[in-house]
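The structure under discussion appears below in the form of structure tokens.
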Amino acid sequence: MRESELISIDTNQVKQIQIEALRFLIDYLEKNKINYFIIAGTLLGAVRHKGFIPWDDDVDIGMMRQDYNKFMTLFKNDFERNNEALYFLQNWDTDPHFAMPFSKLRVNNTIYREEVTQHVNIHHGIYIDIFPFDDVHSNKLLSCIQEKGTMLLQKMILAKSRYRLTSRKMSVFYKVALFPFPKKLMIALIYAINAENTENNRLMVCSGGSYGFKKEVVEKQWFERSEILRFENLEVNAPLGYIAYLTNLYGDYKKIPEINQRGNRHKIIEKSAKKL
């Protein structure tokens with residue numbers, strides 16, 4: 001669809017589209033017996049506001065790596081050849097210039113353009129973020145390699161994919177320094193250092209999260225069981241240890257932040273959808 005056939009929409013309309021996408025996603029996951037849990041701002045919103053944080057602008061879902069891989073395979077098989085599908089599953093495999101280490105369920109015939117990717121040739125539709133959780137190595141040296149290596153490689157992939165970094169000088173440096181290194185090699189290295197292992201791991205990490213590797217490390221036991229919470233007009237799965245998880249991530253998560261700490265965190269510069 002041509003972008004000229006889209007019309008501007010407001011944040012409330014975006015949230016309604018996200019809710020319908022979340023409803024579709026939950027139905028699909030439950031039908032295929034794939035475990036998931038709401039995380040980050042979506043979980044905080046469910047606990048504190050019974051829905052969206054009023055100033056939030058996306059939806060966050062987490063899965064154990066095994067469930068995540070199962071979802072990737074099944075969804076690709078079910079929708080890859082369906083040109084009329086309402087949704088597009090965006091990741092390293094399906095969108096060549098996409099740089100993030102997780103997936104986005106994008107809504108076709110919509111635009112939700114972020115400042116950081118405004119000049120990148122990717123699908124820019126309204127989205128739900130879907131994050132994999134990987135084991136953290138119990139060996140301190142291996143866990144240090146996992147942390148530092150993952151963070152460095154992710155920055156390298158962002159630069160290679162022409163995402164706007166915080167420093168223009170660093171963007172230029174990365175583009176020149178990384179020219180000989182193919183993106184596929186960097187992705188393979190990330191998979192390698194986060195590979196599933198046979199240790200009795202106590203910790204896991206959402207390395208693609210917004211709060212940094214150390215802050216995103218969680219106790220597995222928090223996520224071993226789930227309970228149902230209300231999110232807007234939906235019932236969603238939350239980790240049973242959500243209080244410990246939210247405290248680890250936000251501290252006093254019940255406290256409403258100051259006005260200057262709220263707002264357009266993802267720096268959305270365009271919101272539009274298909275004309276009705």
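Observations, loosely collected:
- When the surface is traced with a 1.4 Å probe over the full set of protein chains, His119 keeps roughly 150 Å² accessible.
- For region 12-123, diffusion coefficient by Stokes-Einstein and Kirkwood Rh (Cα), 25 °C, 0.890 mPa s, µm²/s: 162
- Between the residues Phe223, Pro257, Val236, the greatest Cα displacement towards the positive end of the dipole of region 214-276, with unit charges on the Cβ of Lys, Arg, Asp and Glu, is found for Pro257.
- Test item: Cα-centred dipole of the chain, Lys/Arg +1 and Asp/Glu -1 on Cβ, debye: 840
- With every protein chain in place and a 1.4 angstrom probe, the accessible-area ranking of Arg162, Arg48, Arg202, largest first, reads Arg162, Arg202, Arg48.
- Gyration tensor analysis over the Cα atoms of region 105-149 returns equivalent ellipsoid semi-axes of 34, 14, 6 Å (largest first, whole Å).
- Largest-first principal axis extents of the Cα set of the chain (Å): 55, 47, 44
- Accessible area per residue in Å² at 1.4 Å probe, computed on the chain: 55
- Pairwise FRET efficiency - Lys31 versus Asn121, Cβ, R0 = 30 Å, nearest 0.05: 0.35
- Extended-chain gain in nm, criterion 0.36 nm per residue less alpha-carbon gap, Asn260 and Arg23: 82.1 nm
- Partner aspartates and glutamates for Lys274 [C-alpha distance under 18 Å; skip if fewer than 8 residues away on the same chain]: Glu3, Glu5, Asp10, Glu20, Glu84
- Bridgeable lysines around Lys271 (alpha carbons under 24 Å apart, same-chain partners fewer than 8 residues away excluded): Lys15, Lys104.
- Separation between Cα centres of region 125-147 and region 95-113, rounded to whole Å: 20
- Percent carbon-and-sulfur accessible area, the chain, ignoring ligands, DNA and RNA, probe 1.4 Å: 53
- Residue among Asn91, Asn69, Phe24 farthest towards the positive dipole end of region 1-127, charges placed on Cβ: Asn69
- For the peptides 24-37, 57-70, residues were scored by their other Cβ atoms within 10 Å and the scores averaged per peptide; the highest-first order is 57-70, 24-37.
- Solvent exposure of Trp55, expressed as accessible area, is near 60 Å², computed with a probe of 1.4 Å over the protein chains only.
- Computed with a 1.4 Å probe on the full set of protein chains, the accessible area for Val47 sits at about 40 Å².
- The alpha carbon centroids of region 225-276 and region 33-61 are separated by 4 Å.
- Inter-site label distance for Leu185 and Asp10 at 7 Å from Cα along Cβ, in nm: 5.1
- Members of Lys33/Lys215; Lys160/Lys183; Lys214/Lys254 lying beyond 18 Å, as alpha-carbon distances in this model show: Lys33/Lys215; Lys214/Lys254
The values are calculated or read from the model by the stated rules, or taken from the named source; none is laboratory data. Here the structure is a predicted model, which is why all the values come from computation and not from measurement. Cβ: placed from backbone, ideal geometry, glycine included. Neighbour counts: every protein chain shown. What goes into the accessible areas is simple: the full protein's heavy atoms, side chains included, and nothing from ligands, DNA or RNA. Shrake-Rupley method; radii C 1.70, N 1.55, O 1.52, S 1.80 Å.
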